[in-house]
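To start, the structure itself, in structure tokens.
The values are calculated or read from the model by the stated rules, or taken from the named source; none is laboratory data. The model shown is predicted, which means the values in this text are computed figures rather than measured ones. Don't worry about glycine lacking a Cβ; one is built from the backbone with ideal geometry, like all the others, and counts go over all protein chains shown. Just the protein is used for accessible areas: all its heavy atoms, side chains included, with ligands, DNA and RNA removed. Shrake-Rupley method; radii C 1.70, N 1.55, O 1.52, S 1.80 Å.
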Amino acid sequence: MNKKYFFKSPNLKHYTHAFFTKHGGVSSGIYNSLNCGLSSNDKKVNIKKNREIISKYFKFDINSLVVANQFHSNKVFIIKEKKENLKCDSVISLSKKITLGVLSADCCPILVGHKNKLIFATIHVGWKGLLNGIIENFAKQIDSLNINASDLFFALGPCISKNSYEVDLNFKKKFLYHDLKSSYFFINKKNNKFFFNLRGYISYKLKELGYLNIWASRLDTYKKNNIFFSYRFSCHHNFSDYGRMLSIIKY
């Protein structure tokens, strides 16, 4: 593995972290090659090897890696030691013995750090989690730790961009029902079709909650499907399955 297989955020310099592409691993076919998603139909031995490749490159114990069983929820957990089979879409760690990972393939992977305290987190944000309050629930858990919003750094990784994310009127109505201001993040097309700015709406939500130190990748997983796994691209091309990228953060 080399540096061309991952991206980093300038506001998380004092954290070990990376947003990985789909290259640099051992998987083949539609999973070529750094597929890290255990919920895919790829060979489990390949997925395990791919995660080990990442751990060796960044010199952390593979047994310290915590990747939640994501299900597009609004569930957030705080952990002080490694937990198995966490079913949620955001994990907040208070231990340097833990490495956090988040999987994505069009949804937005978010890595979170603190300017001086031992606290870091991952958030997996797709439209369902965003609609159901994953960002707000993350903020509630942070507030329970007496953390100042201004002390947190957010890095939004590669995800599907607005010009690739076409949705229908019913989709838009779901967001308008919860937040009329969400209309600013829909771009009109023809025949009751719209483009949805997932990354932009996530950034807006974070800023509304007082989180202002936000870096966001501009890379589009759909258009850059040669270097990223994309659920939507896979569906549009009738692939039987798709891989998942792993993003990691460690104190």
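Dipole size of the chain about its Cα centre, with +1 on Lys/Arg Cβ and -1 on Asp/Glu Cβ: approximately 420 debye, rounded to the nearest 20. Per residue, region 96-231 exposes 46 Å² of accessible surface when a 1.4 Å probe is rolled over the protein heavy atoms with every protein chain present.
Remind me, relative contact order of region 1-69 in percent, using alpha carbon pairs under 8 angstrom and six or more residues apart? Rounded, it is 22 percent for region 1-69. Accessible area ranking (1.4 Å probe, heavy atoms, ligands and nucleic acids excluded), largest first, for SER144, SER93: SER144, SER93. Restricting region 196-238 to trypsin sites (Lys or Arg not before Pro) that sit in a DSSP loop and have at most 13 other Cβ atoms within 10 Å of their own Cβ leaves ARG218.
Taking only the alpha-carbon positions of region 163-211 and ignoring solvent, what does the Debye formula give for the base-10 log of I(q)/I(0) at q = 0.15 Å⁻¹? Listed by q, the Debye log ratios stand at -0.38. The listed peptides 28-36, 60-68, 156-164, 242-250, ordered by packing as a protection proxy, come out as 242-250, 156-164, 28-36, 60-68 (highest mean of other Cβ atoms within 10 Å first). With helices as the sole contributors, the chain gives -6500 deg cm²/dmol at 222 nm; each DSSP H run of n ≥ 4 counts as -39500 (n - 2.57), and the sum is divided by every residue. Spatially, region 220-241 and region 38-92 are offset by 22 Å when compared through their Cα centroids.
For the chain, taking a cut-off of 4.7 Å between Cβ atoms, the unpaired cysteines are CYS36, CYS88, CYS107, CYS235.
For the cross-link pairs LYS97/LYS224; LYS82/LYS223; LYS128/LYS189, which exceed 28 Å when the distance is taken from alpha carbon to alpha carbon?
Details: LYS97/LYS224 34 Å; LYS82/LYS223 36 Å; LYS128/LYS189 22 Å.
Too far apart for the 28 Å limit: LYS97/LYS224; LYS82/LYS223.
Note on region 86-222: the C-alpha convex hull projects to 8.4 nm² when averaged across all orientations. Rounded, prolate or oblate: which fits region 165-251 when a ≥ b ≥ c are the square roots of the eigenvalues of the alpha-carbon gyration tensor, with rounded for a/c under 1.5 and prolate only if a/b beats b/c? Oblate is the answer for region 165-251, as a/c is 1.5 or above yet b/c matches or exceeds a/b.
The three principal axes of the Cα atoms in region 1-46 give end-to-end lengths of 35, 20, 14 Å, sorted in falling order. Over every Cα atom in the chain, the radius of gyration and the widest Cα-Cα span, Dmax, amount to 17.3, 52 Å.
Protein heavy-atom surface of region 1-117, 1.4 angstrom probe: 49% of the accessible area is carbon and sulfur, with nucleic acids and ligands not counted. The convex hull of the Cα atoms of region 25-173, projected and averaged over all directions, covers 10.3 nm². When the inverse distances between all different Cα atoms of region 110-158 are averaged and flipped, the Kirkwood radius reads 11.5 angstrom. When the P(r) of region 1-86 is calculated, the portion above 14 Å amounts to 69% of the C-alpha pairs.
In straight-distance terms, cross-link reach from LYS75 covers every one of the aspartates and glutamates whose alpha-carbon lies under 14 Å from its own, apart from those fewer than eight places away in the same chain; here that gives ASP89, GLU136.
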